[in-house]
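Below is one structure, written out as structure tokens; the observations come after it.
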Amino acid sequence: MMLFLYNLIVQIVAFLLKIAALFSPKMKLFVEGRKPVFTTLEQKIKPTDATIWFHAASLGEYEQGLPVIEKIKEQFPSHKIILTFFSPSGYEVRKNNTVADVTVYLPLDTKKNAQQFLKLLHPDLVFFIKYEYWPNYLAELKKSNTKTYLISGILRKNQLFFKWYGGFYRKALDAFTYFFVQNETSKKLLQQVGKTNVAVSGDTRFDRVTTILEKDNSLNFISQFKDNKLSVIIGSSWPKDENLLVDFINSNTLGVKFIIAPHNINKEQIQSLKNSITKKTVLFSEKEAENLADFDVFIIDTIGILTKIYSYADIAYVGGGFGKTGVHNLLEPATFGVPILIGPNFSNFAEATALVNMEACISINNYKELEEAFKNLILNDDIREEKGHMCSTFVQMNKGASAIILKHILNDSI
């Protein structure tokens, strides 16, 4: 009965999404982007091809799974890697990635879609990154006895699996050959519903961010702007973050430079942010015509370079902590040994909680706390360096999840 209701809801949602697509550019991408999926798969995957499928909900999950995708690609060079995204914010940013042979949206979770998708894909191995448990896809994978793994999984007791009425959803977990989870809490929750095929491997994001240190992170225009001055990088900021930050920037008399990379780079929002700043401010899109060293604030109105920009940070503020969804990725600035400030909503993020408890990361609730934290870090080199060192050490101590996963997969390989 519950599965029937679930399938009915999926059909209703599919219909509503088509209506929403008429009014929302993001929903239009969501709907239109799925239309060519089966044609694309028919063109790019032959019946004789060996394939491995990775699914990521969005951009964060893709980055999280990337170390495993790269290692699997090395170990199974004759297989085609198929990558799917659920969200436009993942697909549209990484549709031209070089790690996968085919990258498409995941069709909505209907029984018909699942059967057609898996018939075209015929994967030998399947990996779901962190979460997204689609009952129809998992049911079909179970039917075909396809080896299916959850990597960097994280489970919480309020999820449907652990409710008395969540039987049909709990049954979907039977499809997984093995669960690689981030923490003991997740392992215990799975054990409570009879799953013993579980290992605590940790979070593959630590492996992802440590590899960043091996890459060339130089950006000449950031060097020019920084001009050897102490610099604060504000990453993935939202308007609620910016309301506090702009007040500090405008009142700053400490000779510090600020680079702001907003989460949303909508032109109107970028212009509004620029207009609110009284210091000399330049946009990334204007940089070619300016002597960047002359400016106090640099607004990055493009995507894809924030990670490299963090390598220039003396202090980082990571946004999202004043919103409902919570703080964004702290591990990227942390891996560079940068002390971090965040807003108050971080309790659902294990790495943020750990760094706050270690006092390597500072959570602020209001402008007074933000001002005090910034001044303390700006004026005290020893404190700034100590907190930064704690951040980088934390990342290094927690890497290794990908190796654990790969060792198991190879021992259990096809």
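The values are calculated or read from the model by the stated rules, or taken from the named source; none is laboratory data. Predicted model only: the values in this text are computed from it and were never measured. Note: ideal-geometry Cβ built from the backbone for every residue, glycine included; neighbour counts use all protein chains shown. All accessible areas refer to the heavy atoms of the entire protein, side chains included, with ligands and DNA or RNA removed. Shrake-Rupley method; radii C 1.70, N 1.55, O 1.52, S 1.80 Å.
Just give me the residues in the stretch 59-118 being among the aromatic types (Phe, Trp, Tyr) and either in the same structural domain as residue 307 (by the TED database) or over 18 Å from residue 29 (Cβ atoms) (or both), in sequence order.
Across the stretch 59-118, the qualifying residues are 76, 117.
Mind checking whether some residue in the stretch 235-250 is open to solvent by 50 Å² or more (accessible area, probe 1.4 Å) and of a type in the set (Lys, Arg)?
Yes.
Determine if the stretch 291-306 includes at least one residue that is within 30 Å of residue 404 (Cα to Cα), open to solvent by 60 Å² or more (accessible area, probe 1.4 Å), at pLDDT below 95 and not polar (S, T, N, Q).
yes
Go through the residues of the stretch 65-84 one by one and say whether even a single one is under 21 Å from the mean Cα position of the chain (by Cα) and over 21 Å from residue 124 (Cα atoms). First the steps, then the outcome.
Step one: of the stretch 65-84, the residues under 21 Å from the mean Cα position of the chain (by Cα) are 65-73, 81-84.
The next check asks that each one be over 21 Å from residue 124 (Cα atoms); those that pass are none.
No: the stretch 65-84 contains no residue that is under 21 Å from the mean Cα position of the chain (by Cα) and over 21 Å from residue 124 (Cα atoms).
Has the stretch 53-66 got any residue that is surrounded by 19 or more Cβ atoms within 10 Å (Cβ to Cβ), within 18 Å of residue 141 (Cβ to Cβ) and touching a His at 6+ places or on another chain (Cβ under 7 Å)?
No, the stretch 53-66 contains no residue that is surrounded by 19 or more Cβ atoms within 10 Å (Cβ to Cβ), within 18 Å of residue 141 (Cβ to Cβ) and touching a His at 6+ places or on another chain (Cβ under 7 Å).
Restricting to the stretch 129-161, and then to whatever is among the basic types (Lys, Arg) and over 15 Å from residue 188 (Cα atoms), can you tell me which residue is most open to solvent (accessible area, probe 1.4 Å)?
Out of the qualifying residues, it is 143.
For the list (1) modelled with pLDDT of 95 or more; (2) among the hydrophobic types (A, V, I, L, M, F, W, C); (3) not assigned by the TED database to the domain that holds residue 311, I need the number of the one condition that residue 234 fails.
Condition not satisfied by residue 234: (3).
Matching residues to (1) closer than 20 Å to residue 208 by Cβ; (2) exposed (fewer than 15 other Cβ atoms within 10 Å of the Cβ):
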| site | (1), (2) |
| --- | --- |
| 285 | no, yes |
| 317 | no, no |
| 321 | no, no |
| 329 | yes, no |
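For (1) exposed (fewer than 15 other Cβ atoms within 10 Å of the Cβ); (2) among the aliphatic types (A, V, I, L, M); (3) touching a His at 6+ places or on another chain (Cβ under 6 Å), each residue gets a yes or a no:
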site	(1), (2), (3)
367	yes, no, no
372	yes, no, no
387	no, no, no
394	no, no, no
402	no, no, no
405	no, yes, no
408	no, no, no
